[in-house]
Amino acid sequence: EVESPGRPGERSEEGSAERGPGAAFHMFVLMEDLLEKLKLLSYEEEALRRHNMRPLSRHYFALPTNPGEQFFMFCTLAAWLICKAGRPFEQPQEYDDPNAVISNVLSELRSF
């Protein structure tokens with residue numbers, strides 16, 4: 001939504017009308033899809049148990065609850081998926097520099 005130029009404080013529905021009424025819930029659908037795919041790859045047994053982590057909820061990445069924890073979970077899953085794809089990749093640690101971790105993940109993904 002964008003503030004309407006004609007009336008201060010009034011919101012324009014233009015942005016959400018273009019995407020449709022279900023656009024606000026799209027991220028929840030994507031998260032549920034992601035979770036199903038991770039389950040098919042046995043992420044609970046292979047990735048989570050190794051790091052003593054709890055399974056993801058249906059909306060774990062769709063709602064910003066604890067950005068530091070969510071970032072670490074994302075990096076852990078990204079590293080696990082890269083290794084699962086047959087590439088050696090060092091598992092990031094919780095207190096590693098976030099910029100360096102993301103840079104390493106992106107670099108590895110570009111090389112695919």
Residues in region 82-98 that are open to solvent by 90 Å² or more (accessible area, probe 1.4 Å) and among the charged types (D, E, K, R) total 3
Consider L48 carefully, then state whether it is part of a helix (DSSP H, G or I), closer than 21 Å to D33 by Cβ and without any contact (Cβ under 8 Å) to a residue 24 or more places away in the chain. yes
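Picking from E18, E32, E36, which residue would you name as being assigned to a helix (DSSP H, G or I), over 16 Å from the mean Cα position of the chain (by Cα) and at pLDDT 50 or above?
E18
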Return the pair list, or none, for Cβ contacts closer than 7 Å from residues in region 51-66 that are without any contact (Cβ under 8 Å) to a residue 60 or more places away in the chain to residues that are surrounded by fewer than 11 Cβ atoms within 10 Å (Cβ to Cβ), at least 6 apart or on different chains. none
Region 91-112 residues that are over 22 Å from L48 (Cβ atoms), paired with ones that are small (G, A, S) (beta carbon under 8 Å, 6 or more apart): F112/A85
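The values are calculated or read from the model by the stated rules, or taken from the named source; none is laboratory data. Just so it is clear, the model here is predicted, and its values are computed rather than measured. Quick reminder, even Gly has a Cβ in these numbers, built from the backbone with ideal geometry, and neighbours come from all protein chains shown. Each accessible area value is taken on the protein alone, full model and side chains, heavy atoms only, with ligands, DNA and RNA left out. Shrake-Rupley method; radii C 1.70, N 1.55, O 1.52, S 1.80 Å.
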